[in-house]
Amino acid sequence: MEEKIGVLLLNLGGPKTLKDVQPFLYNLFVDLDIIRLPRLFKLLQRPLAKLISVLRAPKSEEGYAAIGGGSPLRKITDEQENALRMALEAKNVNVSVYVGMRYWYPFTEEVIEQVDTLLDGIKWDDKGLAVAIAQNVDTGAILMQGFVNRGALATTITSRKATFFSRPRATLWTKGETSNNFINIYDKRRNKLCVQFSWRGFLLGHVRLLLVKLLEIQEQIGSSNIKMSNLVLI
Ligand SMILES: C=CC1=C(C)c2cc3[nH]c(cc4nc(cc5[nH]c(cc1n2)c(C)c5CCC(=O)O)C(CCC(=O)O)=C4C)c(C)c3C=C
Ligand SMILES: [Fe+2]
């Protein structure tokens with residue numbers, strides 16, 4: 001069995017050139033985790049971000065000009081990406097490494113789209129289904145076996161509860177929706193994945209890693225920022 005691994009390195013990002021400085025600062029200040037106006041002034045969030053970014057840009061440009069005309073963050077992260085890829089290749093690990101940034105290119109959302117392409121490697125049958133097995137991540141114990149389509153996997157990720165596709169009813173169903181005995185795939189208290197989904201034994205480690213990363217991304221940028229169209233493909 002060939003195990004594939006995907007690694008997504010997350011960073012914040014910085015302007016590549018001096019003309020990127022103002023739009024970069026806008027992306028930074030429009031982020032609710034940086035500045036959050038009271039609910040009543042919610043509509044002012046974007047104009048305020050625009051104002052601060054325009055006012056601050058000249059001073060920041062001076063600073064970036066003094067260190068070579070742009071942020072070193074992308075270069076440093078790309079170097080880490082290459083070093084990690086080479087180290088893993090030296091260990092004969094089949095790996096795809098990606099970089100995703102929060103405030104500048106390559107944006108995490110775009111990278112998730114690239115990851116989608118990789119996930120197209122899942123062998124969906126002619127009805128768009130695959131056999132999924134939910135396993136305890138530590139013991140390997142099989143908790144449940146069923147069918148999934150892309151939507152079932154998307155729901156599993158967003159709800160963090162194992163969700164399957166019911167062939168007789170042709171609908172998604174979340175294990176535990178009637179019994180309340182859910183299979184939670186992520187233990188928030190321990191901040192770790194507790195159940196992994198596998199597909200006929202291949203892509204095991206890979207998919208597990210992607211789930212972990214997607215959950216981390218959701219934690220970081222809030223699920224509202226992740227387009228459903230991206231997740232549905234997973
Ligand atoms: C009041 C101003 C600022 C707050 C608050 C702030 C919070 C904050 N910033 C980051 C991450 C980054 N900031 C970066 C650059 C940057 N940040 C500010 C201002 C505030 N940041 C400015 C004006 C700039 C531009 C550079 C400068 O003029 O000094 C960057 C990019 C670094 C790079 O390599 O280019 C990052 C990343 C966080 C996470 C944060 C609050 C939690
Ligand atoms: Fe900052």
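So, counting K/R as plus one and D/E as minus one, what does the shell of residues with Cβ under 11 Å around GLU81 add up to?
Working: positive: ARG74, LYS75, ARG85; negative: ASP78, GLU79.
So the surrounding residues net to +1.
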Ignoring ligands, DNA and RNA, please state the percent of accessible area on the stretch 17-67 from carbon and sulfur, probe 1.4 Å. 65
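All other residues with a Cβ under 15 Å from the Cβ of ALA57 taken together, and with Lys, Arg as +1 and Asp, Glu as -1, what is their net charge? All intermediate terms of the calculation are to be shown ahead of the outcome.
Details: positive: LYS16, LYS19, LYS50, ARG56, LYS59; negative: ASP20, GLU61, GLU62.
Charge balance in the 15 Å sphere: +2.
Taking the Cβ of MET144 as the center, what net charge do the other residues with Cβ under 14 Å away carry, scoring Lys and Arg +1 and Asp and Glu -1? Could the numbers behind the result be given before it?
Working: positive: LYS161, LYS175; negative: GLU177.
Within the 14 Å Cβ shell, the charges total +1.
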ALA90 to LEU9: FRET efficiency via 1/(1 + (r/R0)^6), r the Cβ-Cβ distance, R0 22 Å, to the nearest 0.05? 0.75
If I model a spin label at GLU81 and ALA141 as a point 7 Å from the Cα along the Cα→Cβ vector, what separation in nanometres do I get? 4.1
Please work out the average accessible area per residue across the stretch 17-67, using the 1.4 Å probe convention, and give it in Å². 73
Quick one: how many Å² of LYS161 are accessible to a 1.4 Å probe, rounded to 10? 60
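Full-extension gain between THR174 and GLN45, please, as 0.36 nm times their residue separation minus the C-alpha to C-alpha distance.
Numbers: separation 129, 0.36 × 129 = 46.44 nm, distance 3.73 nm.
Between THR174 and GLN45, full extension yields 42.7 nm more.
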Overall dimensions of the stretch 17-67 as given by Cα atoms, namely Rg and Dmax in Å: 12.0, 40
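The values are calculated or read from the model by the stated rules, or taken from the named source; none is laboratory data. Computed from a predicted structure; not experimentally measured. Positions of Cβ are backbone-derived with ideal geometry, glycine not excepted, and every protein chain shown enters the neighbour counts. Accessible surface areas use protein heavy atoms only, side chains included; no ligands, DNA or RNA. Shrake-Rupley method; radii C 1.70, N 1.55, O 1.52, S 1.80 Å.
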